[in-house]
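Enquirer: Below: one structure in structure tokens.
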Amino acid sequence: MKTKAPSTISYPLMVPTEWYQFLEHQHLGSIDQETFVFDPTFGQGHLQYMEFQKGFWAQQMNFTLKAPFDITQTAGTTNDLFIVNFYLTKAPISQQIDEKIFEFNFDSISIMLSSSTSISLYDIPANEEVKIFQIGFTRDWLLANAFEDSNPNLKRLLLSDDPIYMAENLDYQFKYLVKEMDLLSSNRLLLFSGSLQLLNTLFTKFENRQLNSSQHSNIHHDDLESLLQVRTLMDENPLHPISLDELAQQSGMSLSKFKRYFKQVYGLSPYQYHLQNKLAVGLDRLHQNYSVSEVAFLLGYNNLSHFSKAFKKHYGFLPSNVQKDT
């Protein structure tokens, strides 16, 4: 008689090979080389990973479950493993950390970095397509590859053994990078370089937040929520001209308070953040073989040299170089 799959599981954070073995032992499916295929009685879909270097990998999860499923990530003793999950579908996945519940999907908070000493409760819905792209790395890989003299605050945090949870939303810059990440169709070199770019972009955003908790201790939770809503609005409309007065009104703050809190939390002024998103759209269009003049017009530049100057200042190369590389 076939053993019935459980409706809930608990496990510490693991590398993909160990995790797939654990899932197979729980009768949730079977391993086929670097892929885990779900049992049809449990759901449809698969998990697949690719290791680029020792201690650094990417994993793609595409599945639909037949019944709700609860996962508990239990705490390890040291932060020897880290994962970054990019939630890429509309399916609402809730994650409880202490008393706080995060709702993850493509339209809200869509990125979460967590460490092996953290405890999380995940609720996976039934009959909803779930797609998650994950980057994982060990502390040893982090020490050997990620830090030199830069990112001192982030380095201090990630090399501690405190539980780590850091959330981000999927802005246009992330969306541009992550849309190319498909373990089934993209080549290994593209996936490796793309994973490094995603991780570097995420680390830069975290560092820009000025990670010391004292930086945010004077900001009320409601104000933080308002800032997130405003930033999401900016991310969803990267080509829409911004009005600081309207954004401040949207947040329910005075203009001076809004500008001060926005930069304190996100490390950029509202204008700089908008410009970053707008230029990311430009880079995307250049990769789609739009001409430099077409992109400049699309982004609202009347002067081509002004666009080229802003683009080079942000990316370090001219927009014309993108088309040459393409």
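Just so you know, all these numbers are worked out from the coordinates, no wet-lab data involved. On a predicted model such as this, the values are computed, not experimentally measured, just so you know.
Enquirer: Does anyone have the angle between helix 188-208 and the longest principal axis of the chain? Alpha-carbon axes, 0 to 90°, nearest 10?
Expert: Here the helix axis deviates by roughly 70 degrees.
Enquirer: Just the C-alpha atoms of the chain: what Rg/Rh do they give, with Rh taken as the Kirkwood radius?
Expert: Result: Rg/Rh = 0.98.
Enquirer: So, one more: Compute the helix-to-body angle for 255-266: its Cα long axis versus the longest principal axis of the chain, expressed 0 to 90° and rounded to tens.
Expert: Orientation of helix 255-266: about 40 degrees from the principal axis.
Enquirer: What relative contact order, as a whole-number percentage, does region 215-325 give when Cα pairs under 8 Å and 6 or more residues apart are counted?
Expert: Answer for region 215-325 is 20 percent.
Enquirer: Still on this structure, please answer the following. So what's the back-of-envelope 222 nm ellipticity for the chain, counting only DSSP H runs of four-plus at -39500 (n - 2.57) apiece and dividing by all residues, rounded to 500? All intermediate terms of the calculation are to be shown ahead of the outcome.
Expert: Details: 12 runs with 132 residues, N = 326.
After summing the helix terms and dividing by residue count, I get -12500 deg cm²/dmol.
Enquirer: Please figure out what share of the DSSP beta bridges in the chain is antiparallel and state it in percent, rounded to the nearest 5.
Expert: Working: 55 of 61 bridges.
Looking only at bridges with both residues in the chain, the antiparallel portion is about 90 percent.
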